[in-house]
Amino acid sequence: FKDAEAIANSTNKVISTIELFQLAQLNSSNESFLIFPLPLPFIEAGYLSIDKDGSNDGNSEENEFKFSLHITMKELGHICIDFVKTNDTLLIRFRAESLEKMQFIEQYAGELLEAITDIPQISISFSEDATDPISDLIKQIVPEGQSMLDTKA
């Protein structure tokens, strides 16, 4: 019972995170866009987004499957990893919040390529344009000038 308060606080944080993402999913006008929270201890904030029909970018191919990991970690900051799988190609794009963090992640590209063995063509790219995952999510699901909460009673 010594750590009961810390356990209660972390549990409340996980529950609040799940509730926030449930509210975000309900407010999303796009039924083919799914959001799954990632309440993991080593991730400060994060979610997995799945675009079931590739409608986010408007130029999707047939048989394309796209999902993205949007995370914030204490040591690495904001990171977004986009995965696009077409018939025989996997495209992976790592976006970090700074050049230094991008270069750190880029060091491990070779190991990642070796670990993925069942896809013949893999393309990995790196950039330094990651932003806060939560603000990105809000921009994506809430039209500009509107609010996530309906304050009219």
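Accessible area per residue, 1.4 Å probe, Å², for region 66-111: what's the number? Before the final figure, lay out each step's value.
On the way: 2440 Å² over 46 residues.
Each residue of region 66-111 exposes 53 Å² on average to a 1.4 Å probe.
Give the residue from M102, P133, P120 lying farthest towards the positive end of the charge dipole for region 97-137; charges sit on Cβ (+1 for Lys and Arg, -1 for Asp and Glu) and the dipole is referred to the Cα centre.
P120
The values are calculated or read from the model by the stated rules, or taken from the named source; none is laboratory data. Just so you know, these numbers come straight off a predicted model, no measurement behind them. Counting neighbours? That spans all protein chains shown, and the Cβs are built from the backbone with ideal geometry, glycine included. What goes into the accessible areas is simple: the full protein's heavy atoms, side chains included, and nothing from ligands, DNA or RNA. Shrake-Rupley method; radii C 1.70, N 1.55, O 1.52, S 1.80 Å.
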